[in-house]
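Taking it in order: structure first as structure tokens, then the write-up.
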Amino acid sequence: MTETIQLPDATARKEADLDPTLDLEAEINRLRKERNAIILAHYYQDDEIQDLADFVGDSLDLSRKAAATDADVIVFCGVRFMGEVAKILSPQKTVLIPDAEAGCSLEDSCPPDQFKAYREKYPDHLALTYINCSADVKALSDIIVTSSNAEAIVNQLPKDQPILFAPDRHLGAYIKRKTGRDNMELWPGSCIIHEQFSERELIKLKVRHPNARVAAHPECPEQILQQADHVGSTRMLLDYVTNDPAQEFIIATEPHIIHQMQLDAPGKTFIPAPGADGQCDCANCPFMAKNTLEKLYLCMVNDAPAVTIPETLRVDALKPLERMLDMSGPAPAKTEAA
Ligand code: 13P
């Protein structure tokens, strides 16, 4: 797989060098101003990173923001593939990520050489690939999709067009059910955190909270989605809990989004969906959790880890991303204004 991250060099400052009395938030704000930087964060980031970010969003809105910003530096607090997308869309900008090890289990489930062989097996199929994948896999794809736009993009394709959908089999199966397509081949990948939810424990929780609505991300397995009142991307779930008159919601996705739900819908109650032992901690994404305020500060001081993508790979990966943006319709007002 192509290396896309330039790591800090030997002279870089390290976490152990930091003065423990340093006001990290003030320092990050100073650097943000000095460098004309924008801090983008996914809803799965720690609350303190979400609070400090210039913009918090789902994968699609973050991509749009990275493509449209006039900042010189994009500091991307999410996982590695999101930083890569920012660099692919905005190659003239410096793109920094707090931790180069912030990967993604879906990306890991789809090595580029295996994906290439899979494509060759189905030459008549169009490769629709979930944005949670490497730049190499994007470059081998026809159209990138996110959980916000996958259904709408599939609906724009001719009904008889065979499709390869990678790497999330649960999102793929959900889209297949929603669009009524039987000509979709699904890559057998999944997200480790959305696999953790327990149908049995969720049913028990619903019995205890009969007025609660269940909001679930389409990366969840089908048996969890069958229990849901609403299925959608992180932004769609946020819009749902804000606009629905219900006061209590069970949330079947990475639980850090609850911070934004509490901000957007104050007074409502949000309960994380349970794992097999009835607890929710197992649904915390270990990759998203790698980013901390310390690492966010240090990447701005060190100018690394920085995303660097070879130009030929970038140009190849850009095409299916641009198709996605063209087929996604206008950005929501909240994204434009932020
Ligand atoms: P969305 O941001 O599209 O909701 O997807 C969540 C996710 O998979 C983040 O890695």
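Given the options C299, C285, name the one that is closer than 24 Å to L106 by Cα, at pLDDT 95 or above and open to solvent by less than 40 Å² (accessible area, probe 1.4 Å).
Numbers: C299 fails: closer than 24 Å to L106 by Cα.
Every option except C285 fails the conditions.
Within the stretch 309-324, can one find any residue that is among the aliphatic types (A, V, I, L, M), in a helix (DSSP H, G or I) and open to solvent by 60 Å² or more (accessible area, probe 1.4 Å)? Walk me through how you get there before you give the answer.
In the first step, residues of the stretch 309-324 are kept if they are among the aliphatic types (A, V, I, L, M); the result is 309, 313, 315, 317-318, 321, 324.
Of the ones still in play, those that are also in a helix (DSSP H, G or I) are 313, 315, 317-318, 321, 324.
Subsequent filtering for residues that are open to solvent by 60 Å² or more (accessible area, probe 1.4 Å) retains none.
No.
Do we find a residue being assigned to a loop (DSSP other than H, G, I, E, B) and of a type in the set (S, T, Y) anywhere in the stretch 91-107?
Checked the stretch 91-107: no residue is assigned to a loop (DSSP other than H, G, I, E, B) and of a type in the set (S, T, Y).
If a residue must be among the hydroxyl-bearing types (S, T, Y) and closer than 17 Å to A173 by Cβ, how many such residues does the stretch 119-161 contain?
4
Could you tell me whether any residue of the stretch 145-167 is aromatic (F, W, Y) and surrounded by fewer than 22 Cβ atoms within 10 Å (Cβ to Cβ)?
No, the stretch 145-167 contains no residue that is aromatic (F, W, Y) and surrounded by fewer than 22 Cβ atoms within 10 Å (Cβ to Cβ).
What do you reckon, is Q260 over 29 Å from A152 (Cα atoms), at pLDDT 95 or above and open to solvent by 20 Å² or more (accessible area, probe 1.4 Å)? Can you show your working first?
Working: over 29 Å from A152 (Cα atoms): no; at pLDDT 95 or above: yes; open to solvent by 20 Å² or more (accessible area, probe 1.4 Å): yes.
When the stated conditions are applied, Q260 does not pass them.
Just to be sure I understand the filter: pairs with C-beta atoms under 6 Å, separated by 6 or more residues or on different chains, first member in the stretch 280-301 and under 22 Å from I251 (Cα atoms), second member part of a helix (DSSP H, G or I) and not acidic (D, E). Which pairs pass?
Pairs found: C282/Q196; A283/Q196.
Output the number of residues of the stretch 20-66 satisfying the condition of being farther than 17 Å from V79 by Cβ and within 16 Å of the ligand (Cβ to nearest atom).
Count: 1.
Any chance you could count how many residues in the stretch 100-125 are within 16 Å of V85 (Cα to Cα) and more than 16 Å from the ligand (Cβ to nearest atom)?
Residues meeting the conditions: 1.
Within the stretch 168-187, count every residue that is open to solvent by 70 Å² or more (accessible area, probe 1.4 Å), in contact (Cβ under 8 Å) with a residue 24 or more places away in the chain and in a loop (DSSP other than H, G, I, E, B).
Qualifying residue count for the region: 0.
Residue by residue through the stretch 79-88, note down the ones that are more than 16 Å from the ligand (Cβ to nearest atom) and open to solvent by 10 Å² or more (accessible area, probe 1.4 Å). Give the derivation first.
So in the stretch 79-88, the residues more than 16 Å from the ligand (Cβ to nearest atom) come out as 87-88.
Result: K87, single match.
Identify, please: which residue in the stretch 127-144 is within 15 Å of the ligand (Cβ to nearest atom) and part of a loop (DSSP other than H, G, I, E, B) and is, among those, surrounded by the fewest Cβ atoms within 10 Å (Cβ to Cβ)?
S134
Condition first: in contact with a Leu (Cβ under 8 Å, 6 or more places away or on another chain) and not in a loop (DSSP other than H, G, I, E, B). Now tell me which residues in the stretch 2-28 satisfy that.
Result: E15, L24, E25, I28.
How many residues does the stretch 52-90 contain that are out of contact with any Phe, Trp or Tyr (no Cβ under 6 Å at 6 or more places or on another chain) and not in a strand (DSSP E or B)?
26
Can you name every residue in the stretch 276-294 that is closer than 22 Å to P8 by Cβ and touching a helix residue (DSSP H, G or I) at 6+ places or on another chain (Cβ under 7 Å)?
Result: N291, L293, E294.
Name the one entry in I49, I39 that is at pLDDT 95 or above, open to solvent by less than 10 Å² (accessible area, probe 1.4 Å) and part of a helix (DSSP H, G or I).
After applying the criteria, what remains is I49.
In this structure, is D70 within 18 Å of the chain's Cα centre (by Cα) and of a type outside the set (G, A, S)? So that I can check it myself, show each step before the final result.
On the way: within 18 Å of the chain's Cα centre (by Cα): no; of a type outside the set (G, A, S): yes.
No: the conditions fail for D70.
Name the helices (runs of 4 or more DSSP H) wholly inside the stretch 188-273 in which the number of residues that are within 16 Å of the ligand (Cβ to nearest atom) is 2 or more.
Output list reads 222-225, 234-243, 257-264.
Only one of (1) surrounded by fewer than 24 Cβ atoms within 10 Å (Cβ to Cβ); (2) among the aromatic types (F, W, Y); (3) within 16 Å of the ligand (Cβ to nearest atom) fails for F76. Which number is that?
Evaluating F76 over (1) surrounded by fewer than 24 Cβ atoms within 10 Å (Cβ to Cβ); (2) among the aromatic types (F, W, Y); (3) within 16 Å of the ligand (Cβ to nearest atom) leaves (1) as the failure.
The values are calculated or read from the model by the stated rules, or taken from the named source; none is laboratory data. Predicted model, so just to flag it, every value in this text is computed and none were measured. So basically every Cβ, Gly included, is an ideal-geometry build from the backbone, and we count neighbours across all protein chains shown. Note: accessible area is taken over every heavy atom of the protein model, side chains too, but ligands, DNA and RNA are not part of it. Shrake-Rupley method; radii C 1.70, N 1.55, O 1.52, S 1.80 Å.
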